Amino acid sequence: MIMFYIYIIHSIIHNKYYVGSSSNPWRRIEEHNTSGFNTFTSKFRPWKLQAIFEAGKIRGEAEKLEKFIKRQKSRALLEKLTDPEFLPTGKLAQLVRVPHVRD
């Protein structure tokens, strides 16, 4: 069965964060950095992976969590989620951090 993930990427140059969900976040990050389409993320390249969380086996659940995080409009929350010591609680308690892979 496929696992869905929430990922957080950061543009160091522009100091912006982006939250997304995908069954393959590593491919999506590559796409954010290389896609020829004019999108939000294309304007703030390059992006660096900050955190990945397992969000469940149902796409809709991952998308709900992604939307919940985006609706918070909270940079502080994104910074907490990128901190390896932070343990999500409440609606985000189901997120399971994927160990960070070094570049």
How many residues are within 16 Å of Tyr17 (Cα to Cα) and either surrounded by fewer than 11 Cβ atoms within 10 Å (Cβ to Cβ) or at pLDDT below 95 (or both) when one looks only at segment 30-40?
-> 2
Any residue in segment 51-64 that's at positive phi: show its pairings with residues that are modelled with pLDDT of 95 or more at Cβ separation under 7 Å, as long as the two are six or more apart or on different chains.
-> Gly56/Phe4; Gly56/Ala62
Touching a strand residue (DSSP E or B) at 6+ places or on another chain (Cβ under 8 Å), surrounded by 12 or more Cβ atoms within 10 Å (Cβ to Cβ) and of a type in the set (Ser, Thr, Tyr) - does that describe any residue in segment 42-65?
-> no
Kindly indicate whether any position in segment 5-23 is basic (Lys, Arg), free of Cβ contacts under 8 Å to residues at least 60 places away in the same chain and over 15 Å from Leu95 (Cα atoms).
-> yes
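The values are calculated or read from the model by the stated rules, or taken from the named source; none is laboratory data. No experiment lies behind these values; they were computed from the predicted model shown. Ideal geometry is used to build each Cβ from the backbone, glycine not excepted, and the neighbour counts take in all protein chains shown.
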